[in-house]
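Down below is the structure, laid out as structure tokens.
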Amino acid sequence: MKEKSAEPFVREVVLLRDRVENWQRYPFSIPAVRNLESLTLHPQVTFLVGENGTGKSTLIEAIAVAAGFNPEGGNKNLRFATLPSESELHRYLRLLRGARRPKRGFFLRADIFFNLAIAVERDPLILNTYGRFPHQERSLGQTFLALVKERFGPDGLYILDEPEAALSPQHQIEFLAAFDRMARTDRCQIVVATHYPILLAYPHARIYVLSEEGAVETEYRRTEHFALTRDFLTHRERYLRHLLDEA
């Protein structure tokens, strides 16, 4: 019998195109944003993929802020700003929510995770209620995994921006197992921007490729991330000979 998915917390992300006054101004000048109408989110896991500069992090940050998270990461109770740099895109997004409401959540940004850990440790109120990140005793990858395994509880909305940045291949596989526990057992909804084909292999997911055409839903084996990685590993000598000869 096929397992029934929980009702999503966010069903769809809609760009309010009629409010945009200047499509030549960042972030609306990014082709994937300029051509965006809406994204229907998977009730379990949704991936955003694409080349550098296609707008993955910009879009996922805007979704997180529109959902009520701090732009620099954390849960909804954590407010700090070390270097405000978020775009205004969140003001032009509408989140169409499901009947369920999340009991908890987290926005994880790999690029400034250290800033989040320091902010937590410097604020006694946050430290007492949230607990500290043991980033000084663990590697960044170990801290990421500990955060997911120990702090990400059931019935939560979790938005992750390139979490694989600190993870070894082995830890990425462990991350997949955590995904499965969160999505199917704990009834969580997860939205992830990533480059890594190991994470993209998670089967209970929807994949959107961001490009000049906007955001297009794609099967795993049709992503460039899968195809290029497969071809390189299968024909490593040919790739290296071609690349190094050119160099």
In which sequence would VAL20, VAL49 go, from the one with the fewest C-beta neighbours within 10 Å to the one with the most? VAL20, VAL49
Rank the residues GLU72, GLU61, GLU237 as a footprinting-exposure proxy: fewest other Cβ atoms within 10 Å of their Cβ go first. GLU237, GLU72, GLU61
Using only C-alpha atoms and all pairs of different ones, pull out the Kirkwood radius for the stretch 135-247 in Å with one decimal. 15.9
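Values in this text are rule-based calculations from the coordinates and carry no lab data. Being a predicted model, the structure only gives us computed values, none of them experimental. All Cβ positions, glycine included, derive from the backbone under ideal geometry; neighbour counts span all protein chains shown.
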